[in-house]
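The values are calculated or read from the model by the stated rules, or taken from the named source; none is laboratory data. Only a predicted model underlies this, so the values are computations on that prediction, with no experimental measurement involved. A quick note on method: Cβ atoms are made from the backbone with ideal geometry, for glycine too, and the neighbour counts reach across all protein chains shown. These accessible areas exclude ligands, DNA and RNA; they are computed on the full protein's heavy atoms, side chains included. Shrake-Rupley method; radii C 1.70, N 1.55, O 1.52, S 1.80 Å.
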Amino acid sequence: MKKRKLKGFVLPSIYIISVICLFMTVYFLNHSFNYKAPANNEDHVVFEQKENNPDQMVVNSIPEKPIIPFNKDSVKISKSFYQSEDDTTTQQNSLIYYQNTYMQNTGILYTSDESFEILASVDGTVKEIKEDEILGSVVTIEYNNHVTTVYYSLSDVKVSEGSNVKTNDIIGTSGSNKLENEKQNCLLFEVYMDGNLINPLKFYEMNLEDMQ
């Protein structure tokens, strides 16, 4: 019986195929162990390993910000914060009229056709509660030595001087004031930072940890 011999090109072909298979196996194993998520994928939660415990993962938290001091959609801005750099039209819409006198608005005046709850914009301590002849009941809350928030035109005040409040706590209800053409449900909200008035709209965008 004659022994069959492999043709000359068969053995080299088998060798080449074996080398290719080995290379592909090593490549895919290496790729699997070193895979990293895309660096610019903003939809993923960012995880970090603690140095002292590589097996423990922590999630980076989103910085906490102040809140708008109400949660009712019917509340609208009646008068904006007055800023000298604004155009003439914007400045005119930021003036408060009282007894034939125009005054620059020192905060944001919110109004609504219906009553709404007034919420603490940030944590803090109630430093003062008083009555203003024009603007009604006033509650002053100090966040720290740098930031103070003031709420005017409240009714049914639910906090007391010296008490501590948390963000989103109810501190009172919208009330009235004596400003001309204003509605019965109002809130004038002021923010002081290091003793200076700032625009509450900018305050809402700040990180609380930066105010320490």
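Quick one: is Glu180 more than 23 Å from the chain's Cα centre (by Cα), in a loop (DSSP other than H, G, I, E, B) and over 17 Å from Leu119 (Cα atoms)? Walk me through it before giving the result.
Working: more than 23 Å from the chain's Cα centre (by Cα): yes; in a loop (DSSP other than H, G, I, E, B): yes; over 17 Å from Leu119 (Cα atoms): yes.
Answer is yes for this residue.
Those residues that are among the β-branched types (Val, Ile, Thr), closer than 20 Å to Glu133 by Cβ and modelled with pLDDT of 95 or more, I need them from the range 72-108; list them, please. Step through it out loud before you land on a result.
Our first condition is that a residue be among the β-branched types (Val, Ile, Thr); within the range 72-108, this holds for 75, 77, 88-90, 96, 101, 106, 108.
After this cut, where a residue has to be closer than 20 Å to Glu133 by Cβ as well, the list is 96, 101, 106.
Answer for the range 72-108, where residues must be among the β-branched types (Val, Ile, Thr), closer than 20 Å to Glu133 by Cβ and modelled with pLDDT of 95 or more: just Thr106.
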Quiz item: Across the range 58-69, which residue is nearest to the chain's Cα centre (by Cα) among those that are exposed (fewer than 10 other Cβ atoms within 10 Å of the Cβ) and either outside any loop (DSSP other than H, G, I, E, B) or aliphatic (A, V, I, L, M) (or both)?
Solution: Ile62
Practice problem: Run Asp194 past the list (1) at negative phi; (2) under 23 Å from the mean Cα position of the chain (by Cα); (3) touching a residue at least 12 places away in the same chain (Cβ under 8 Å) and report the number of the one that doesn't hold. | Solution: (1)
Quiz item: For the range 70-169, which fully contained strands (runs of 3 or more DSSP E) count at least 2 residues that are open to solvent by 70 Å² or more (accessible area, probe 1.4 Å) and over 18 Å from Asn185 (Cβ atoms)?
Solution: 101-104, 124-132
Quiz item: Consider Gln184 against the criteria (1) touching a strand residue (DSSP E or B) at 6+ places or on another chain (Cβ under 9 Å); (2) modelled with pLDDT of 95 or more: it satisfies all of them except one. Which criterion is unmet?
Solution: (2)
Quiz prompt | Residues of the range 170-212 satisfying the condition of being open to solvent by less than 20 Å² (accessible area, probe 1.4 Å) and among the aliphatic types (A, V, I, L, M) | solution = Ile171, Leu179, Leu187, Leu188, Val191, Leu208, Met211
